[in-house]
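As C-alpha cells, the structure follows; a few thoughts come after it.
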Amino acid sequence: MLGSGEGLFAHRAFWRPDLHWEPPEPEAANVEMARRYLRAYGPATLQDYAHWRGADRQHARRWWAALEPELAQVSVNGQAMHLLREDLEELTSTTEPPFRSLHMLHRFDPLLLAHKDKNWIVPAAHYKQVFRSAGHIEGVVLDAGVTVAAWRYARKGETLRIALEPFNPLPAHLHVSIQQRSQAIATFFGLTQAEIEAI
C-alpha cells in the first residue's frame, strides 16, 4: 500500500494498453536525444554529452558522429565545442554586451548536470560548496551566468527562510536582487514573506 505522497509507476502496457505506441528505432532515438541535448545545453563537447547521457564513449561517439552534418564548431574560452548549426546565428547575432541577470536555481537543476566540466558555471575554488558529498547538489545563485553563492530553503509558518552561502562578499545591488527573487519564490510557494540569512 502506498504511503501519503508516494508516486506510483506502471508499465505503459498495463496502464494504457489502448495507447497507440510506435517507439522509434533505438539508434534513431539516441541520435535525436543528442540533438535535443545540444539544443538545450549547447555548446558542449562529446565528453559533456557522454557524461550527461551516461553512455560509454564508443556509443556516444557514434550518435554524435551521426549529427556531424548538423554541427558547428565554436570556441568557448579557447576550448573547441559544438552546437547545432541552425542555432549558431541566433547565439552569435547580437553585438550587444551580455546583460547582467540574476537567477536562483534550485537543488539538482539540470543546468548543473549537463556538462562534465562545470568550471564555466561554478568556479573551481567553490566546487565543493555546490557539489557536496553523497551526490547532493546545492541550489545556486547565478550572476550573469556565473555562480556567486549557494542557497537552500526551509518553510517556517508563512515564511520562506533562505540560507545563503556567498562565495565572496556580494555587492549591494545583488542583495536587492536576491531579496526580490526570494520573495518571488516565497510567493510561488504560497508564503507571505522571505527571510535571508547569510551563512
Next item on the list: Would you mention how many residues in the stretch 13-30 are among the hydrophobic types (A, V, I, L, M, F, W, C) and closer than 24 Å to H59 by Cβ?
Entry: 2
Next item on the list: Name the residue, out of A172, A125, A150, A134, that is over 25 Å from H51 (Cβ atoms) and of a type in the set (G, A, S).
Entry: A172
Next item on the list: Sort out which residues of the stretch 169-187 are in contact with a strand residue (DSSP E or B) (Cβ under 9 Å, 6 or more places away or on another chain), among the hydrophobic types (A, V, I, L, M, F, W, C) and either under 16 Å from L105 (Cα atoms) or assigned to a helix (DSSP H, G or I) (or both), and write them in order of number.
Entry: L174, I178, A184, I185, A186
Next item on the list: Just give me the residues in the stretch 101-151 being small (G, A, S), under 15 Å from the mean Cα position of the chain (by Cα) and crowded, with 16+ Cβ neighbours inside 10 Å, in sequence order.
Entry: A114, G139, A150
Margin query: Out of everything in the stretch 10-44 that is surrounded by 18 or more Cβ atoms within 10 Å (Cβ to Cβ) and part of a loop (DSSP other than H, G, I, E, B), what residue ends up being nearest to the chain's Cα centre (by Cα)?
Written below: G42
Notebook entry, point to check: So which of L84, L38, L91 ends up being in contact with a Gly (Cβ under 9 Å, 6 or more places away or on another chain) and at pLDDT 95 or above?
Noted result: L84
Next item on the list: Return yes or no: is R155 of a type in the set (K, R), out of contact with any helix residue (DSSP H, G or I) (no Cβ under 6 Å at 6 or more places or on another chain) and in a helix (DSSP H, G or I)?
Entry: no
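The values are calculated or read from the model by the stated rules, or taken from the named source; none is laboratory data. What you are looking at is a predicted structure, and each value in this text was computed from that prediction instead of being measured. No Cβ is skipped: glycine too gets one built from the backbone with ideal geometry, and neighbour counts run over all protein chains shown.
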